[in-house]
Amino acid sequence: MGRKFYINSNIERLFALFGTLVLILILNIILANTLLKKIQNDAKLTFIQQCEDTVEDYTLALQTKLENIESEIDIIYAKLAYKTLSPESIQEVLVREKNNLSINFTEIVYSDTKGNTYNFYGENHSIADRPYFKIIMEGKTKFYVSRVLESKHNGEPIIVFARPLYDETNRITGVLCVGCPLETISSFIDEIKIGLNKKMSVRDLDGKFIKHYNNAWTNWTFHSGIKKPKNFKETEKIDSVMQTTDVDGNDVYVFYKEMENAPWTIGMTVSLSEFKKIDKKQKDYQNFVLEIIIVVLALIFLIEMWIHSFLERHQILSTHIDSVTHLWVRSYFEKEANKLLKRYPQSKFIMIEADIRGFKFINQNMGELKANQVLFQFSKILYETTKVFDGIISRGYADHFYVFIKITSVHKAMHIFKDALKKLDENLKQQDLPISPKFGLSFYIPKKMDSSITAQTLISRAHFAKDSIKENALQTFAIYDERLLKRSNEDNFIETHMENALKNREFFVMYQPKVDLNTDKVVGAEALVRWQSPVLGFMPPNSFIPLFERNNFVIKLDFYVYEEVFKFLRKSLDKGEPTVPVSVNMSRNHDKPDRFVHDFTNLLKKYDIPPRLVEVELLERSSMDKNVLREVTLMLQKEGFKVAMDDFGSGESSLNMLSTIPVNVLKFDRSFLFASDAKEGKLDATSENFIETLIDLGKNLKKETIFEGVETEEQRDFLRKIKCDQVQGYFYSKPLREEEFMEFLKKHR
Ligand code: C2E
Ligand code: MG
Ligand code: MG
């Protein structure tokens, strides 16, 4: 059975999804600051490592290059070694060898132990002032590479390579120097194919560029301030790294390494922006990961939502579902109803509480299983009847059902509701379900009501309305309204105060005269109770007797009235004042004839009142068992009281009762007098005929007849004409206080 019990709860879940996504975003930012930062740092380290490796490889390659130069020099050396040659012959060798060399040296110079040189140009200079001359002569190195020097031959910048010359005894006999123009070295270095796309440079001890990636700067001395970068991680392999500005003034990092066989430093320049690029790349990567996470999570949530609503729709989620009826449980229903109230604050709603009359009886007599079946069947019919309106429905405790529907107007809703009731009734008959449900209705009307109203309040109002339907089986529904609540509050108030009111003698009796139509004299009175409450003010019996009948307090009150009446009679008798029979009302709650008659006569004896002065009015409409009424009547008559049938003709079975309950008096209900076309106290012909027939009937049965509620002369005249015995009504007198009544009696005796 596919049932749609709800309007929509997906919006709420979307909000949940949004909230969660925001949470995840925050988590991600935290994550990015720790984990992703680490990844980013790792990437930086890798980049640094690569730079360092390049510098390292470049250094090795340049070292090898220098070794090549060394071996070229060794070739010349081989021509001169261990030979005791005059400087002139050495010069000759040098001039000869010059053309055999693969490298284009500017000059090849031989120096004797004094520093006097002989080059292949045939020039003579002194190199005694050159620092390397001393170093070699002292045997401190076997191969020397200089910084950038000025050629003694032509003043051009050169690099000098030098080595010692030995004699047979391994004594240093001089120095062999080779001068190589900076350009040659530079192009020689250019042959190194490592770090091709990197900005490589070679500097000497003085900071002069032997080679600059921008050739224009070769032989330029780098003067800019050099500082070590802050927080820059160095590895073991590289000597150092520094942050500085390059020749163009840009911020750069320079990875550098000193060479082993030359006083040179290899440098690789990396611009700061390259590092930033890594950062950016990482950021992009990070964002990408974030986006993926969000998309995946969103997907998961959507799938979850879908599964959830699927399960709900197919009632697989049982926490919201009542196992007996398969409807929502009340708590979930309330939640959903509240959501609807919030979502449509400008809409009207109807809340209905339904229950099955006598469900307790079904439960007790047919067993739980059968009762559950009834509940299920009823829920099904209820659901079918209400589903058309796209509302929500649930089952609460026992046989309580709730329906909540968005409506356009109260009027329309009531129209639809009544139609639905008819259909429901037909359905119940069709399904052979002998139950009669009752309904309490409450409305939410936005402009008239507090907007903070909740489903719970609407339910309790509907419940309250439903509870106001009492035993009266004909009423199927009740609508909550404020007056109902006021009445209930009053009822509550009355109930808490009634005992005290009785003690405080707030109740008192009034007497309404009965007049004989033949003589126009007062022949009796009816005792009618009143309540003068210091809080609620003056109250007629209609505003408290029905409640007292429900809570049984009327039994006490009746006896209080009887006692007041007896006291009054006693007083009159004692004073020797005139008396007439007073009739008292007997409530339908006195259902034990023996007990009633016993108590009643005892009280009468207490005040020593002759029974002829007392008449008892029974309520014909009473739900009392006919046998009880009959018994009471007979017992009272036996004790000498007259018994009247009050409000005769207002119930459904008056005539029927007439034959079984042998009352002495028929007291006709005043409703006859305002039947159909009664205008200004005038009766129409049909009513007159009807009343006449009734009075005749009474006469034939040998009953006394009295008419209540006679307000006009016409009514009185008519009743006199048709031979009604007595009347009681405002035409003669309203109910009077004791003294007033005594006066009235004395006047109309
Ligand atoms: P009831 O016993 O039928 O009393 C007659 C009611 O009709 C009285 O209303 C009386 O004031 C009213 N009545 C009399 N003549 C006229 C008239 O010409 N026009 C109109 N419009 N009304 C007239 P009341 O006193 O309000 O009593 C109402 C009902 O309360 C009584 O109906 C009776 O059923 C009940 N009641 C009153 N006192 C007692 C009591 O002490 N015990 C019990 N159990 N019920 C009482
Ligand atoms: Mg009465
Ligand atoms: Mg009456």
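The values are calculated or read from the model by the stated rules, or taken from the named source; none is laboratory data. Quantities reported herein were computed from a predicted structural model and do not represent experimental measurements. Ideal geometry is used to build each Cβ from the backbone, glycine not excepted, and the neighbour counts take in all protein chains shown. Note: areas computed on protein heavy atoms with side chains; ligands, DNA, RNA excluded. Shrake-Rupley method; radii C 1.70, N 1.55, O 1.52, S 1.80 Å.
In this structure the amide hydrogen of Phe120, modeled in the peptide plane, comes within under 5 Å of the amide hydrogens of Ile108, none closer than 5 places in sequence on its chain.
Centroid-to-centroid, using Cα positions, the range 139-189 and the range 243-303 are 42 Å apart. Once the Cβ-Cβ distance of Leu634 and Ile303 is raised to the sixth power relative to R0 = 56 Å, the FRET efficiency obtained is 0.10.
Proximity of backbone amide H atoms, modeled 1.01 Å from N, is registered between Ile210 and Val202, Arg203, Asp204, Asn219 at under 5 Å, excluding neighbours fewer than 5 places apart on the same chain.
The H on the amide N of Arg357, modeled in the peptide plane, is under 5 Å from the matching H of Ser436, Lys438, each at least 5 residues off or on a different chain. Where both partners of a DSSP beta bridge lie in the chain, what percent of those bridges are antiparallel, to the nearest 5? The antiparallel proportion sits near 75 percent.
Couplings 3J(HN,Hα) for the range 692-704, derived from phi with the Karplus relation 6.51 cos²θ - 1.76 cosθ + 1.60 (θ = phi - 60°), are 4, 4, 5, 4, 4, 4, x, 4, 4, 8, 6, 9, 6 Hz, where x marks Gly and Pro. Only helices enter this figure: runs of n ≥ 4 DSSP H residues, each worth -39500 (n - 2.57), summed and divided by the residues of the chain, yield -15000 deg cm²/dmol at 222 nm to the nearest 500. The residue among Val241, Ile350, Phe417 whose Cα reaches farthest toward the positive pole of the charge dipole of the chain, with charges on the beta-carbon of Lys, Arg, Asp and Glu, is Phe417. Relative to the longest principal Cα axis of the chain, at what angle does helix 554-575 sit, 0 to 90 degrees, rounded to 10? Helix 554-575 sits at roughly 30 degrees to that axis.
What FRET efficiency, computed as 1/(1 + (r/R0)^6) with R0 = 25 Å and r the Cβ-Cβ distance, is obtained for Gln49 and Thr245, rounded to the nearest 0.05?
On the way: r = 24 Å, r/R0 = 0.97.
Calculated transfer efficiency: 0.55.
Counting only heavy atoms of the protein chains and using a 1.4 Å probe, Val582 has close to 0 Å² of accessible surface.
Rounded to the nearest 20 debye, the dipole size of the range 491-747 about its Cα centre is 720 debye, using +1 on the Cβ of Lys and Arg and -1 on the Cβ of Asp and Glu.
Report, in whole Å, the centroid distance computed from the Cα atoms of the range 683-749 and the range 549-568. That distance is 26 Å. Each residue, Lys79 and Val324, gets one label point 7 Å from its Cα in the Cβ direction; the gap between the two is 12.2 nm. On the range 338-411, 57 percent of the accessible area sits on carbon and sulfur atoms, based on a 1.4 Å probe.
Relative contact order of the range 491-747, taken over Cα pairs closer than 8 Å and 6 or more residues apart, is 20 percent. Ranking Asn250, Leu341, Met498 by how far each Cα lies toward the positive end of the dipole of the chain (charges on Cβ) leaves Met498 at the top.
Restricting attention to the range 510-592, which trypsin sites (Lys or Arg not before Pro) occupy a DSSP loop and are surrounded by at most 16 other Cβ atoms within 10 Å? It would help to have the intermediate numbers written out before the result.
On the way: sites: Lys514, Lys521, Arg530, Arg550, Lys556, Lys567, Arg570, Lys571, Lys575, Arg588; in loops: Lys521, Arg588.
Qualifying residues, ordered by number: Lys521, Arg588.
Only the Cβ atoms of Lys and Arg (+1) and of Asp and Glu (-1) were treated as charged; on that basis the dipole of the range 328-480 about its Cα centre amounts to roughly 480 debye.
Shown in residue order for the range 345-356 are the 3J(HN,Hα) couplings computed by the Karplus curve 6.51 cos²θ - 1.76 cosθ + 1.60 at θ = phi - 60°: x, 8, 9, 8, 9, 10, 10, 10, 10, 10, 9, 9 Hz (x for Gly and Pro).
Measure nothing fancy, just the Cα-based angle from helix 482-503's long axis to the longest principal axis of the chain, in degrees from 0 to 90, nearest 10. The helix 482-503 is inclined about 60 degrees to the chain. Per residue, the chain exposes 52 Å² of solvent-accessible protein surface, assessed with a 1.4 angstrom probe and all protein chains in place. When only the Cβ of Lys, Arg, Asp and Glu is charged (+1, +1, -1, -1), the dipole of the range 639-749 relative to its Cα centre reaches about 440 debye. 3J(HN,Hα) along the range 740-748: 4, 5, 4, 4, 4, 5, 5, 5, 10 Hz, from the Karplus curve 6.51 cos²θ - 1.76 cosθ + 1.60 with θ = phi - 60°, whole Hz, x for Gly and Pro. Putting +1 on Lys and Arg Cβ atoms and -1 on Asp and Glu Cβ atoms, find which of Ile76, Ile407, Ser331 reaches farthest to the positive end of the dipole of the chain. Positive-most Cα among the choices belongs to Ile407.
So for the range 491-747: antiparallel DSSP bridges make up what percent, rounded to the nearest 5? Of all bridge pairs located within the range 491-747, approximately 45 percent are antiparallel.
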